[in-house]
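Input: a single structure, listed below in structure tokens.
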Amino acid sequence: MTTPLIVSDVSKSFTMHLRGGLRLPVVANVRFSLARGECVVLGGPSGIGKSSILKMLYGNYAVDSGQILVRHCDQIIDLASAEPRVVLQTRRDVLGYVSQFLRTVPRVSALDVVAEPLIARGTPAGDARERAEELLARLNLPKDLWQLPPATFSGGEQQRVNIARGFITDHRILLLDEPTASLDAANRAIVVDMIQAKKEQGVALLGIFHDEEVREAVADRILDVSQFSPRKVAA
Amino acid sequence: MSDQPLLNVRGVSKFYGSRVGCMDVSFDLWPGEVLAIVGESGSGKTTLLNCLATRLMPTTGCVQYRMRGGNLRDLYQMSDAERRFLMRTDWGFVHQNPADGLRMTVSAGANVGERLMAVGNRHYGNIRTTASDWLERVEIAQDRIDDQPRAFSGGMRQRLQIARNLVTSPRLVFMDEPTGGLDVSVQARLLDLVRGLVSDLGLAVIVVTHDLAVARLLSHRMMVMKGGKVIEQGLTDRVLDDPREPYTQLLVSSILQV
Amino acid sequence: MTALADYNFAYLDEQTKRMIRRAILKAIAIPGYQVPFASREMPMPYGWGTGGVQVTASILGPHDVLKVIDQGADDTTNAVSIRAFFQKVANVAVTTKTSEATIIQTRHRIPEETLGVNQVLVYQVPIPEPLRFLEPRETETRQMHALEEYGLMHVKLYEDIARHGRIATTYAYPVKVAGRYVMDPSPTPKFDNPKMNQSAALQLFGAGREKRIYAVPPYTDVVSLDFEDHPFEVQTFEKPCALCGARHVYLDEVVLDDKGGRMFVCSDTDFCETRREEGHRGEMLGDIKEAAE
């Protein structure tokens, strides 16, 4: 499987039991794949299910049907039905994710938050921290913040920590949920450069970018999510 | 992660007369995996934990544990001697109330050293050095080594209990509401400490909690219990971000936002 | 009517003696194990040696020669009372000479003179359970004995070293019997622990209030617990006995006046007297005679 990610006929709905079992279809028959070194941007109006697709791929949302196939240790894994520990292994080794908001852990410094994914893969802590410092420096996070827990950082600062954490590894697939939303132009440009570098390394990226400039700069193609909207099918 | 489970749980049920403690619980636990059991008071999560830790005999069911040698043993068929040996070497049990898991009238150093002495360590100097190292790891000042836990705060006692359990490098630790009686800031420190130790030592943990934030922070996987039954289980992120069962949705939507 | 006619021989009835003897036999068969027995009310208060008295009463025969000591002395209240008790209820011969006795009932001390195969040492025990102070639950301590879980004993010794820089326990110092059961030698000073090891005499322990009997058969290993880097040591005394000049024996401190004057003398009175009869003299002996004149 040279294609890093294949999504096949994935459907997702929410059943709101607290609202009388109301069933909310989100997406249906999602099918696409990512090639090596390709950056695909999810397009379409807000509320159409772009974030939900990323969350399904990452395992935060369950899917009703369909397959999400990635390769891990020479095995094809269907993330839609894999056991939790397999999902976690895949996250550790293959599938990276930069979420929109950083989930902070009390007392852990920004530097350690960034270094953690490398340490989890067996990189010596010293080397991992060195790499984390490089990334934080590149993203212009003031040095006096590095040893502090990010809980009290501004939105832009937290986002840069989050990006550094997502980009520190050599995951073959990277999911990006609006990584540049709260960044200024200079830092946006740096992130664009970092994405270009990932593409050159053969990483497959799937992202949501509302900023048109960034989208133009990084996207190889736009995947219109409205084609997967179940409401459209029903209409 | 190893490709063989550490614990195979099959059909564990506990009845108190006709009342259900827990019912038909089955799952596997892998080395290094942290499993959170959540649910409200009376949902059977502590009963289940006590059955798994052999502190309570289930009415039916079977739990197999992979010993250090690699062979599987049925916990409920073991002799008392074997089970107790396992409990003070390869396992840990962290009680909600530290007084239940500590000896309150002996020093912190002796509390940590007890397990070492129980497995035959007879060198005072080595025991003391190890105890001192562990106090440091759980962020208790080393000059408190000769103080009794009676003189410690709740958070310190809980950290001492954790050190006492981890000193023999167990592979499986049971925790019953480990942050239960603590202040929020003390909780955060303890959680962070536990989180670090668990990943450094590659511990498998089964933690019972009613606090979903604790589950999110510590666990890889979650089981939601209601009325003695497991009603939903899966990856912690998935259960919390996309709860499927009505009760789980109620639990998740009941979290207070700050 | 003779005095004896009011009592069965040695006070206890024969059924009770059989019950106690069965407990003693079991205790001998499992060295160091605490055997429960149906302890009787005795005509003396608990704490005065009711356990030891019941054991002695059960093994006493008409031809035995009984010695009773409290601390090391034959002439203290407790020793005199118990000796008088058995003279009255069994009419047995009594002695203060260790070598002449066939049964020696003791509280605290083991005689300095090495005991022989024809002698039985009966200890009065207040608290038989060595694990009691750290684990108050009897159900738990019994299980710990059964499963040989003795880590707690070392916790106690650890605490001693942590607090005092050495093992400060000087009496009731725990021992392991025949490589299996940990046993409390009771209030005996640890000075006497080595005498229990490989003793030719049978050692019986009776705890009346706690209703337990345990035993160390002749020629049994009795090892005092310790740490590799803090090995078991007995007390040593700087000076020999002030009366008989004996060294390497257990000494009691005797205050002589209200000006800080004191002397150290053998706690074993029989041992001390025998040595003086043999002509040994300590440094204080002359002085005391002079002071008395």
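Reported count of residues in region B:135-179, each being in contact with a Leu (Cβ under 8 Å, 6 or more places away or on another chain), open to solvent by 20 Å² or more (accessible area, probe 1.4 Å) and not charged (D, E, K, R), is 5.
Of the residues making up region C:252-265, those that are surrounded by 18 or more Cβ atoms within 10 Å (Cβ to Cβ) and out of contact with any Lys or Arg (no Cβ under 8 Å at 6 or more places or on another chain) are C:Met263, C:Val265.
Which numbered condition in (1) within 13 Å of chain B (Cβ to nearest Cβ); (2) open to solvent by 40 Å² or more (accessible area, probe 1.4 Å); (3) in contact (Cβ under 8 Å) with a residue 40 or more places away in the chain; (4) more than 30 Å from B:Leu190 (Cα to Cα) is the only one that A:Val63 fails? Of the numbered conditions (1) within 13 Å of chain B (Cβ to nearest Cβ); (2) open to solvent by 40 Å² or more (accessible area, probe 1.4 Å); (3) in contact (Cβ under 8 Å) with a residue 40 or more places away in the chain; (4) more than 30 Å from B:Leu190 (Cα to Cα), the odd one out for A:Val63 is (2). Filtered by the rule that a residue be of a type in the set (A, V, I, L, M) and open to solvent by 50 Å² or more (accessible area, probe 1.4 Å), region B:1-31 gives B:Met1, B:Val20, B:Met23.
The set of residues in region C:49-107 that are within 22 Å of C:Ile127 (Cβ to Cβ), small (Gly, Ala, Ser) and touching a residue at least 40 places away in the same chain (Cβ under 8 Å) comprises C:Gly49, C:Gly51, C:Gly52, C:Ala57, C:Ser58, C:Gly72. Could you say whether any residue in region A:148-159 is closer than 27 Å to A:His72 by Cα and either among the basic types (Lys, Arg) or buried (at least 22 other Cβ atoms within 10 Å of the Cβ) (or both)? No, every residue in region A:148-159 fails to be closer than 27 Å to A:His72 by Cα and either among the basic types (Lys, Arg) or buried (at least 22 other Cβ atoms within 10 Å of the Cβ) (or both). Where strands (runs of 3 or more DSSP E) sit wholly within region C:212-293, those with at least 1 residues that are over 18 Å from C:Gly72 (Cα atoms) and in contact (Cβ under 8 Å) with a residue 60 or more places away in the chain occupy C:212-216. Can you tell me which residues in region B:55-76 are polar (S, T, N, Q) and modelled with pLDDT of 95 or more? Listed by number, the residues that qualify are B:Thr59, B:Thr60, B:Gln64. For B:Ala81, indicate whether it is at the interface with chain C (Cβ under 8 Å from one of its Cβ atoms) and open to solvent by 40 Å² or more (accessible area, probe 1.4 Å). Yes; evaluated as a whole, the condition is true for this residue. As a summary of the residue check, B:Arg238 satisfies the conditions (1) surrounded by 23 or more Cβ atoms within 10 Å (Cβ to Cβ); (2) in contact with a helix residue (DSSP H, G or I) (Cβ under 7 Å, 6 or more places away or on another chain); (3) within 11 Å of chain A (Cβ to nearest Cβ) except for the one numbered (2). Taking first residues from region B:11-23 that are touching a residue at least 24 places away in the same chain (Cβ under 8 Å) and partners that are aromatic (Phe, Trp, Tyr) and assigned to a strand (DSSP E or B), the Cβ contacts under 7 Å between residues at least 6 apart in sequence or on separate chains come to B:Gly21/B:Phe15. The sole residue among C:Glu100, C:Glu112 that is open to solvent by 60 Å² or more (accessible area, probe 1.4 Å) and closer than 18 Å to C:Ala79 by Cα is C:Glu100. Evaluating C:Gly151 against the criteria (1) open to solvent by less than 20 Å² (accessible area, probe 1.4 Å); (2) under 19 Å from C:Phe191 (Cβ atoms); (3) free of Cβ contacts under 8 Å to residues at least 12 places away in the same chain; (4) not acidic (Asp, Glu) leaves one unmet condition, (2). Is there any pair with a first residue in region B:82-98 that is among the aromatic types (Phe, Trp, Tyr) and a second that is open to solvent by 30 Å² or more (accessible area, probe 1.4 Å) and part of a strand (DSSP E or B) whose Cβ atoms are under 7 Å apart and which are 6 or more apart or on different chains, and what are they? The qualifying pairs do not exist here. Per this entry, A:Ala80 is not counted among residues that are of a type outside the set (S, T, N, Q) and either closer than 25 Å to A:Arg188 by Cα or over 19 Å from the mean Cα position of the chain (by Cα) (or both). For region B:241-258, a residue qualifies if it is open to solvent by less than 60 Å² (accessible area, probe 1.4 Å), within 16 Å of A:Ser13 (Cβ to Cβ) and more than 7 Å from every other protein chain (Cβ to nearest Cβ), and exactly one does: B:Pro243.
Among residues of region A:66-104 being under 20 Å from A:Ile163 (Cα atoms), open to solvent by 40 Å² or more (accessible area, probe 1.4 Å) and of a type in the set (S, T, N, Q), the one that is nearest to the other protein chains (Cβ to nearest Cβ) is A:Thr104. Of everything in region A:12-41, what is under 30 Å from A:Ile195 (Cβ atoms), of a type in the set (Lys, Arg) and either within 11 Å of chain B (Cβ to nearest Cβ) or open to solvent by less than 70 Å² (accessible area, probe 1.4 Å) (or both)? Give them in sequence order. Within region A:12-41, just A:Lys12 meets the criteria. Set side by side, the residues B:Leu48, B:Leu6 differ, and just one is more than 13 Å from chain A (Cβ to nearest Cβ) and either over 13 Å from the mean Cα position of the chain (by Cα) or under 22 Å from B:Leu203 (Cα atoms) (or both), which is B:Leu48.
Of all residues in region B:32-41, those that are under 13 Å from B:Tyr247 (Cβ atoms) and either in contact with a Gly (Cβ under 8 Å, 6 or more places away or on another chain) or surrounded by fewer than 23 Cβ atoms within 10 Å (Cβ to Cβ) (or both) total 1.
Determine, yes or no, whether C:Ala200 is away from every other protein chain (no Cβ under 14 Å) and within 23 Å of C:Ser99 (Cβ to Cβ). Yes; evaluated as a whole, the condition is true for this residue. Among residues that are charged (D, E, K, R) and open to solvent by 50 Å² or more (accessible area, probe 1.4 Å), C:Asp75 is included.
The values are calculated or read from the model by the stated rules, or taken from the named source; none is laboratory data. Owing to the predicted nature of the structure, the values given are computational and were not obtained by experimental measurement. Neighbour counts are summed over all protein chains in view; Cβ atoms, including those assigned to glycine, are modelled from backbone coordinates with ideal geometry. For accessibility, only protein heavy atoms count, side chains too; no ligands or nucleic acids. Shrake-Rupley method; radii C 1.70, N 1.55, O 1.52, S 1.80 Å.
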